[in-house]
Amino acid sequence: MDKSSEASKNSNTLIWGIIFIIGAIMLVWSMSTSRTGQVWVTPEQHAFTADADGKYSATDTPSSGDIEWVTYNVVPDSELTQEVIDSGSVTLSWSRTIGLWLAAIFTLFILSFLVGDNPAYKFAEALVVGTSAGYVMVIGIWDVFVPLLLGKLAPGFVQTAFLPGMDVSAGTQFLYIIPAILIIMLLFQLMPSGGWISRWPIAFFIGITAGYRMIGYVEADLVAQIKAGIVPLWVTGENGFAFWASFNAVLLTVATLSAMIYFFFSVEHKGFIGKTARIGIWFLMITFGASFGYTVMGRIALLAARLEFLFGDWLHFIPSS
């Protein structure tokens with residue numbers, strides 16, 4: 001490593017060190033002067049009572065046998081004062097407070113990648129990936145595998161053991177044995193000498209998915225785009241000629257044709273064809289720039305939301321309404 005790169009690295013480390021020190025000082029100051037990282041809630045009682053017909057309705061005076069539960073509403077900073085806390089009408093929610101701190105800490109862990117790859121970022125990344133994989137697996141089992149496969153092959157067993165509210169009027173549907181066999185064949189991928197068996201269901205799934213997606217892409221990206229590009233150049237309305245609508249139609253037609261000519265390489269781009277292709281380049285660059293700007297704007301919005309969470313919900317520098 002040369003001296004310039006080492007000096008740059010040391011400079012970046014110093015800058016981020018100063019930022020973290022300032023942040024720690026602000027955090028300590030905020031915790032000492034306010035309720036930083038605390039979530040206060042107000043309990044709300046709900047009760048339903050049954051009438052003579054067995055129908056339930058809300059009641060303010062529950063009695064024995066009624067259905068009762070309690071919900072907790074987060075108290076905004078603007079309404080949370082020391083007098084309100086002393087009155088006992090609000091309580092500190094430890095579960096929400098712990099969740100708030102975990103969310104803030106892991107947000108900082110992810111943002112620490114700006115300094116460079118570090119153990120905190122790796123830990124947060126691994127936890128997010130592992131949690132996401134586990135969540136998707138559980139959702140797949142209980143929302144897909146159990147009701148849509150086991151529930152079709154053994155509806156009575158699934159209703160008794162897992163899903164009491166499942167409709168079993170259709171009975172056993174033996175056609176679902178086919179996907180069950182494909183799933184079993186797919187598991188042979190985990191065996192040392194049975195990998196070739198799993199290729200058949202993989203090929204089947206890829207083929208079905210490709211065909212299904214192709215129809216959607218053709219309808220949405222090809223047919224719909226062609227239909228949207230075929231517009232009248234002379235647009236009239238209730239008041240006669242509509243200038244801006246006609247201008248947009250002409251602009252759309254010119255942009256479409258010039259961009260298509262740019263990708264038409266069978267004719268040398270000279271003369272009229274070359275000038276038209278150059279116009280197409282301008283339209284393409286404007287389109288790509290707008291698309292890139294829209295993407296960046298979305299990412300900045302996500303960053304702004306996380307900063308608002310850190311400085312608002314966590315540090316309470318931004319009062320919540």
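The values are calculated or read from the model by the stated rules, or taken from the named source; none is laboratory data. Computed from a predicted structure; not experimentally measured. Please note: Cβ atoms are built from the backbone with ideal geometry, for glycine as well, and neighbour counts cover all protein chains shown.
Take the residues in the stretch 132-165 that are part of a helix (DSSP H, G or I) and among the aromatic types (Phe, Trp, Tyr); name whichever of them is surrounded by the fewest Cβ atoms within 10 Å (Cβ to Cβ). Looking at residues that are part of a helix (DSSP H, G or I) and among the aromatic types (Phe, Trp, Tyr), I get Tyr135. The condition of being among the β-branched types (Val, Ile, Thr), over 18 Å from Phe311 (Cβ atoms) and surrounded by 10 or more Cβ atoms within 10 Å (Cβ to Cβ) holds for only one of Ile85, Ile105, that being Ile85. Among the residues of the stretch 62-78, those that are of a type in the set (S, T, N, Q) and either touching a His at 6+ places or on another chain (Cβ under 6 Å) or within 27 Å of Gly312 (Cβ to Cβ) (or both) comprise Thr71, Asn73, Ser78.
Does the stretch 117-127 hold any residues that are touching a helix residue (DSSP H, G or I) at 6+ places or on another chain (Cβ under 8 Å) and either part of a helix (DSSP H, G or I) or small (Gly, Ala, Ser) (or both), and which are they?
Here is the first cut: in the stretch 117-127, the residues touching a helix residue (DSSP H, G or I) at 6+ places or on another chain (Cβ under 8 Å) are 118, 120-121, 123-125, 127.
Ala120, Tyr121, Phe123, Ala124, Glu125, Leu127 - these are the residues of the stretch 117-127 that are touching a helix residue (DSSP H, G or I) at 6+ places or on another chain (Cβ under 8 Å) and either part of a helix (DSSP H, G or I) or small (Gly, Ala, Ser) (or both).
The residue that is modelled with the highest pLDDT, among those in the stretch 166-210 that are exposed (fewer than 12 other Cβ atoms within 10 Å of the Cβ), small (Gly, Ala, Ser) and within 21 Å of Leu148 (Cβ to Cβ), is Gly207. Could you check the stretch 256-272 and list, in sequence order, the residues that are among the aliphatic types (A, V, I, L, M) and out of contact with any helix residue (DSSP H, G or I) (no Cβ under 6 Å at 6 or more places or on another chain)? Passing the criteria: Leu257, Met260.
Condition check ((1) outside any helix (DSSP H, G or I); (2) touching a Ser or Thr at 6+ places or on another chain (Cβ under 8 Å)) across all residues:
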site	(1), (2)
Pro192	yes, no
Trp200	no, no
Ile206	no, no
Thr209	no, no
Glu219	no, no
Trp234	yes, yes
Phe247	no, no
Met260	no, no
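Looking only at the stretch 258-267, residues that are more than 35 Å from the chain's Cα centre (by Cα) and surrounded by 14 or more Cβ atoms within 10 Å (Cβ to Cβ) come to 3 in all.
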